[in-house]
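Quick notes on the structure that follows.
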Amino acid sequence: MSKKTYRQAINEGLVQEMHRDPSVILIGEDVAGGAGAGGDVDAWGGPMAVTKGLLSEFGPKRVLDTPISEAAYMGLAIGAAASGLRPVADLMFNDFIGVCFDQIVNQAAKYRYMYGGQDRIPLTVRTMIGAGLGISSQHSQCLYPVFSYFAGLKVVIPSGPYDAKGLLASAIRDDDPVIFCEHKMLYEMVEEVPDEPYAIPFGEAKFVREGEDVTIVALSRMVHIAMEAAESLAKEGIGCEVIDPRTTTPLDTESIIESVEETGRLVIVDEAGPRCGMASEIAAVVAEEAFSALNAPIIKVTPPYTPIPAAPNLEKLYIPDAGQVITAVHKVMGRE
Amino acid sequence: MDTAQGLIMKQSKTELLSAYRGMRTIRIFEDRMHVEFAGGGVPGFVHLYAGQEASAVGVCANLTDADILLNTHRAHGPAIARGADIFAVAKEIYCRGDGLCRGRGGSAHLHDVKSGLWGANSGVGSGVALGCGAALAARNNETGGIAVALVGDGGANQGVFLEAMNLASIWKLPVVIMVENNGYAEATAADYAIAGGDIHKRAAAFDMPGVVVDGHDYFAVYDAVLEAAERARAGHGPSLIEAKQRRYYGHFEGDAQSYRPKGEVEEYRKNRDCLKQFRQKVILDDLIATAELDAIDGEVGELIDRVYADAIAAPFPSEGEFMQYIYATDT
């Protein structure tokens, strides 16, 4: 056990899974960086240096830099998965799903069902989500609700280094296509992470904090925003139970409902948009299955319904903050 | 008689009889499907392959068990040519429970892993990218297999097709891209939609061989695929073949085809038909007797009668199982 960043935990997880199983390959744009350029080999390891060193360790047969051709290499990764390899395909920014949407939602997601269960598609798609770097509307979205729409995909949203490493191992070992969403503002986050490989099962929410008064379901980076709010609210004597679902497909609705049945109040904090998002989905599930337990209307804390701006002051307005969570909790507690 | 000598060298009489049987089987199967669809018993969209038989059969005559054929939405012919159980093919088109894909795919998604037949696809250019994946895996795992991706003139205009050609070339993947240019992407003419008119010429830009053949000539298709497959197997990378051809029916059944020039299909049926061309060649060259070919026609006719009777009588999938096969754990 030692302290590792989110970036290091993911890198270590990849290295260990690639050692564990020779069928794991890494494929994407600049996953090594510098292909054919004549300078440093393994120059980048992706734009955030998450896959740094893997080409040198595993060689070009297993670490493949692609042209900027998301549709082709994502389709190729699916074909390779159907042939028994376990590709980890790097979509870089999840916003780029637009250029390979057919591959992910019509090919990968439906491959097993549409062909009557003949195949397994052990594909992991690593991709970055989230605002905060000032890189505007085509590099900053949280599109896991989009991925979660499609039966046949699994969707993972680790909120810290420990979960990232353990969930990545499960993703790579899983026999279905998994979209693994890394929040780019978490790469520097440090946590105790075991040195040895371990796997965290999908569909098991984490109770990050216990509390009796309000359930706060928070996703990805928003777990930390919710925790900041919860610490502050504790000083006022309000006990918040903070739940991190960790995977949106499968979604651990049981844990959420169980908590709401105890607290009677629900606030959902999600960096994805306010319409057709995970907050909407979780609210719908609780309204359907635990309506009688609710003592107050459910409140969603999300960004507004807008593309993400580049200007730092506007981007700050976009991202939900602890103040908004505190206001929402006050409201469900009737303390406006 | 250079043709005869060429044929004798490359293919045995047994192989030629098998090719003829394959083409005749697809023709009678599809002609019958046309009739059955009009009668109202066939669910969904159905795209018929009649007219294009030489293409799939010429490709499959070059494939081994280690190879993968990527099918298109015009799926029946290639599935039969690749050797998928024709009873299960028909049952899948009828969406029956013991069809190839247990009734989950239907006509446009015929897929049979055990025959090396992959995924008929409605993302019409996607098969080329998936085929690149099969080819990469074959090379990494040293199976000796190659992938042949069928794609239409319509699919050849999708970005994924061009991206996959580039990727296949820079990585020298063992893949053959077989463009079945049947003249129409749905109701839009290839002459209108293909810049320069020739898809095979695009190969030069991606640094791979590109040839054009008469897609109604079994021997021309066979020869072109043989060369491309040998190149792929030798590790020299991808090739593109454009087989020009015409379908005898519409884009899908129910298509009135008012966009086609009058007499086009009749002209192709009369003067270009793959079965007629094949018969003329082998009979003229004294390779196979007319009676042998006629006997095959009779046998295939009887087989197709049984295939349709079986499919029509088969039950739909069990409703209790309709959520099965979404995830690998749903067995």
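Quick note: the coordinates plus some simple rules give every number you see, no bench work behind them. On a predicted model such as this, the values are computed, not experimentally measured, just so you know. All Cβ positions, glycine included, derive from the backbone under ideal geometry; neighbour counts span all protein chains shown.
Here are a few things to note about the model shown:
- Using the Karplus relation 6.51 cos²θ - 1.76 cosθ + 1.60 with θ = phi - 60°, the per-residue 3J(HN,Hα) values for segment A:237-248 come to x, 9, x, 9, 9, 9, 10, 10, x, 6, 10, 8 Hz, with x marking Gly and Pro.
- Each label point was placed 7 Å from the Cα along the Cα-to-Cβ direction; for A:Lys3 and A:Cys276 their separation is 4.4 nm.
- Environment charge of B:Asn140, counting only residues whose C-beta is closer than 12 Å and scoring Lys/Arg +1, Asp/Glu -1: +3
- Cα-based reach from B:Lys91 at 24 Å (exclusive), listing lysines while leaving out same-chain residues under 8 positions away: A:Lys110, B:Lys114
- When both bridge partners sit in segment A:2-193, DSSP labels roughly 15% of those beta bridges antiparallel.
- Segment B:1-105: proportion of alpha-carbon pairs further apart than 25 angstrom, %: 25
- For B:Ala75, the residues 5 or more places off, or on other chains, whose built amide H falls under 5 Å of its own are B:His47.
- Under Stokes-Einstein, with the Kirkwood radius over Cα pairs as Rh, the value for the protein assembly as shown at 20 °C and 1.002 mPa s is 80 µm²/s.
- Amide hydrogen proximity for A:Leu64: with H placed 1.01 Å from N in the peptide plane, the residues at 5 or more positions away or on another chain lying under 5 Å are A:Leu26, A:Ile27, A:Gly28.
- Distant-in-sequence amide contacts of B:Tyr184, defined by a placed amide H-H separation under 5 Å and a gap of 5 or more residues or a different chain, comprise B:Ala190.
- With contacts taken as Cα pairs under 8 Å at a separation of at least 6 residues, chain A carries a relative contact order of 16 percent.
- When B:Phe87, B:Phe278 are sorted by how many other C-beta atoms sit within 10 angstrom of their C-beta, beginning with the fewest, the order is B:Phe87, B:Phe278.
- Excluding same-chain neighbours fewer than eight residues apart, the lysines reachable from B:Lys172 by a Cα-Cα span under 21 Å are A:Lys61, B:Lys201.
- Restricting segment A:232-302 to GluC sites (Glu not before Pro) that sit in a DSSP loop and have at most 13 other Cβ atoms within 10 Å of their own Cβ leaves A:Glu236.
- Estimated from helices alone, the mean residue ellipticity of chain B at 222 nm is -14500 deg cm²/dmol (sum of -39500 (n - 2.57) over DSSP H runs with n ≥ 4, per residue).
- Beta bridge orientation in the protein assembly as shown: antiparallel %, DSSP, nearest 5: 20
- Within the listed set A:Gly277, A:Gly45, A:Gly59, the residue fluctuating most in the Gaussian network model of chain A (springs between alpha-carbon atoms under 10 angstrom) is A:Gly59.
- When +1 charges are put on Lys and Arg Cβ atoms and -1 charges on Asp and Glu Cβ atoms, the dipole computed for chain A relative to its Cα centre reaches about 580 debye.
- Taking Lys and Arg as +1 and Asp and Glu as -1, the other residues whose beta-carbon sits under 12 Å from that of A:Val63 total -2.
- For chymotrypsin sites (Phe, Trp or Tyr not before Pro), the sites in segment A:181-279 that DSSP calls loop and that have at most 14 other Cβ atoms within 10 Å are A:Tyr198.
- When B:Asp285, B:Asp214 are arranged by Cβ crowding within 10 Å, least crowded first, meaning fewest neighbours, the order is B:Asp285, B:Asp214.
- Whole-Hz ³J(HN,Hα) from phi, Karplus 6.51 cos²θ - 1.76 cosθ + 1.60, for segment B:209-221, glycine and proline x: x, x, 10, 10, 9, 6, x, 9, 10, 3, 5, 5, 5
- Largest mean-square fluctuation among B:His111, B:His73, B:His34, in a Gaussian network model of chain B whose springs join Cα atoms under 10 Å apart, belongs to B:His34.
- Each Lys or Arg adds one and each Asp or Glu takes one away; over the other residues whose Cβ falls under 10 Å from the Cβ of A:Met128, this sums to -1.
- Alpha-carbon centroids, segment B:243-265 and segment B:36-101: separation in whole Å: 19
- Backbone geometry of segment B:273-280 corresponds, through the Karplus equation with coefficients 6.51, -1.76 and 1.60 at θ = phi - 60°, to 3J(HN,Hα) couplings of 3, 5, 5, 5, 4, 5, 4, 4 Hz, x marking Gly and Pro.
- Here the Gaussian network model covers chain B, with springs between Cα atoms less than 10 Å apart; of B:Val225, B:Val46, B:Val160, B:Val160 fluctuates the most.
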